[in-house]
Amino acid sequence: MIALGEILIELNALSPGPLRHVSYFEKHVAGSEANYCVAFVRLGNNCVYLGRVGEDEFGHNAIEWLRGKGVDVSHIKFDSSPTGIFFIQRDYPVPSQSESIYYRKGSAGSNLNPDDVDESLVKSANLVHSTGITLAISETAKEAVFKAFSLNEVRSFDTNIRLKLWTPEKARETIMRLLKVHPVKYLITDREDAEILLGKVEDPVKPLMEYTDVLIMKEGPHGASVYYEGRKHFSHGYSVPVRDVVGAGDALGGTFLSLVTSGFPIEKALDYAVVSSALNVTIRGDQENLPSIKDIETFLERVRNS
């Protein structure tokens, strides 16, 4: 898989409540596409990351971390702008929910541009992946995604609409244009994003299926549904202790894509992906608890026997 996006440094509050009262933070490497890459590699496949980081300590941290996880970082470029960061505020103002607070405007990652897209590399990939976040961070990053998607017909896309980065109207216009020009094999979204893209419709599945072969509808703690070839399969969620929900959707999506790439049946891939998402929320950080197949199967066995 080739993934295009922005790698970020996450500073996760060690205590719950408003950040004004938090004194200690835990540092993690994050960013949606980076999370997808690590999940993809964790399940036994290869991922090449296309992006930029700052020529700073955080940039070196990000590259060394991803390399250690098995991601191919040879196409990540150093940039004169700083590596973007964000803070995680936990359990405030809503218990068991987290809020991301960004410091990323003008960051190195937002300087991703079409010249960073290696045409021969993208054409040779089994899958090209990006998200609505990359479309939102800059005009040049958006152009890079459109270019990459034009070079390979096997594409996956997670809508991942972040309204702190753009307006609902801009998100709708840009994402729908991408899907119309470059329909995807795998489309990953949720009910809230679907409403932004389509407005209030009784069932968003049918109109979204016009742009994809396989639709994943994330349902938060309830689980997820997959729609394909006129079928629907629902995978239920699991009751687990929640430490931080940020990155759960990326864990689900990255695990699913890796397993279907490996030849797993679509429904089994979703069942395993929901477990990956559940395990992810039990820790702080987006990538540290991404499971192997053995981890997932051990979890399922324990659940069945409990």
**Request:** Identify all lysines with a Cα-Cα distance to Lys69 below 30 Å; exclude those on the same chain that are fewer than 8 residues away in sequence.
**Result:** Lys27, Lys77, Lys105, Lys123, Lys142, Lys147, Lys164, Lys185, Lys218, Lys268, Lys294
**Prompt:** In segment 65-143, which trypsin sites (Lys or Arg not before Pro) are in a loop and have at most 14 other Cβ atoms within 10 Å, using DSSP for the loop call?
**Reply:** Lys105
**Asked** Considering only segment 1-89, what is the antiparallel percent among its DSSP beta bridges, to the nearest 5?
**Response** 35 percent
**Item:** Cα gyration tensor shape for the chain, rounded if a/c is under 1.5, else prolate or oblate
**Value:** rounded
**Request:** May I ask you to derive the FRET efficiency for Asp203 and Leu300 from their Cβ-Cβ distance with R0 = 30 Å, giving the value to the nearest 0.05?
**Result:** 0.50
**Request:** Compute the accessible area per residue over segment 2-305, keeping the other protein chains in place, probe 1.4 Å, unit Å².
**Result:** 43 Å²
**Fill in**
The simple spin-label model distance between Glu219 and Phe25, using points 7 Å out along Cα→Cβ, in nm, is 3.6 nm
**Item:** Relative contact order (%) - criterion: Cα under 8 Å, at least six apart; region: the chain
**Value:** 17 percent
**Complete:** the chain, Gaussian network, Cα under 10 Å: of Asp193, Asp72, Asp295, the residue fluctuating most is Asp295
**Asked** Farthest toward the dipole's positive end in the chain, which of Leu127, Ser306, Gly84, given Cβ charges of +1 (Lys, Arg) and -1 (Asp, Glu) about the Cα centre?
**Response** Ser306
**Complete:** With +1 at each Lys and Arg Cβ and -1 at each Asp and Glu Cβ, the charge dipole magnitude of segment 2-305 around its Cα centre, to the nearest 20 debye, comes out at 320 debye
**Complete:** Share of accessible surface on carbon and sulfur in segment 2-305, whole %, 1.4 Å probe and ligands ignored, is 49 percent
**Prompt:** For the pair Phe234 and Glu288, how long in nm is the line joining their label points, each one 7 Å along Cα→Cβ?
**Reply:** 3.4 nm
**Item:** Estimated vicinal HN-Hα couplings, Hz - segment 54-64 in sequence order (Karplus 6.51, -1.76, 1.60; Gly, Pro = x)
**Value:** x, 7, 9, 4, 5, x, 5, 4, 4, 5, 5
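The values are calculated or read from the model by the stated rules, or taken from the named source; none is laboratory data. Note that the structure is predicted; figures quoted are calculated from it, not measured. Glycine gets a Cβ as well: all are built from the backbone with ideal geometry, and neighbour counts include every protein chain shown. For accessibility, only protein heavy atoms count, side chains too; no ligands or nucleic acids. Shrake-Rupley method; radii C 1.70, N 1.55, O 1.52, S 1.80 Å.
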